[in-house]
1. If I model a spin label at C53 and A148 as a point 7 Å from the Cα along the Cα→Cβ vector, what separation in nanometres do I get?
2. Which loop trypsin sites (Lys or Arg not before Pro) in the range 74-104, with loop taken from DSSP, have no more than 16 other Cβ atoms within 10 angstrom of their Cβ?
3. Sort the following peptides by mean Cβ neighbour count (other Cβ atoms within 10 Å, averaged over residues), highest first: 14-20, 171-177.
4. Give me a comma-separated list of calculated 3J(HN,Hα) values for the range 171-177, in order, Karplus coefficients 6.51, -1.76, 1.60 applied at θ = phi - 60°, integers in Hz, x for any Gly or Pro.
Amino acid sequence: MMTENKAELLLVLLVLAGLALLSDAIKSLWCETGEMGSGWDQELYALVVFGGCCMVFIPVIDALAPWLEFADFRFNADLAWMGLLIGMFAMVLCWQALSVRSTRTSPVERTSFMARGVYCYIRHPFYAALMLLATAQVLLIQNWLGAAAAVLSFALIYGLRMPRDDLRALEKFGPSYLDYMTRTGSLLPRLHSHRPD
């Protein structure tokens, strides 16, 4: 049976698993921006710190201490189960994206654009995983402060960084990436999307 304490513990476990997976994505981002000669900018650093506070420290504090109980909703086990399923799907999506990125080792693949795996359907699976983790946090924590922090964190990270990621890829890959943008969705697959032949 799902209880509030179990839901909070499951959220902490999801957060730790997400950190383990997303740390590879953050290292990859560091390397990619470093290759461009810019390194990490202050905005990216601030967003990583802010996202960590909102999506790591708040769930851990809520699970381990009673300080945030004033903001709790009445616990709903069905919502918590749904949050667990969404969080697990986020982990699978993140793992799939990482497995595709880790196979791009040849110089040709680093300088030409090829969509494989989950990237055939969505351009930004890491942001999609972050969106799903934020949704899981809302459903598992069932606390208005934790929910608002998760939503705000995702909205800022996605809204500020995703357009820059697309612009950087457009500058690097040109028309092939523009064509890719018309075939795929940013966070969700387009209904008419299909795998390239």
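Readers should treat all values here as calculations from the given coordinates under stated rules, not as data from a laboratory. These numbers come from a predicted model, not from an experiment. For neighbour counting, all protein chains shown are included, and Cβ atoms are generated from backbone atoms with ideal geometry for every residue, glycine included.
1. Here the answer is 1.4 nm between the modelled labels.
2. When the trypsin sites (Lys or Arg not before Pro) of the range 74-104 are filtered for loop state and at most 16 Cβ neighbours within 10 Å, R74, R104 remain.
3. In decreasing order of mean packing, 14-20, 171-177 become 14-20, 171-177.
4. Whole-Hz 3J(HN,Hα) from phi for the range 171-177: 5, 7, 10, x, x, 5, 6.
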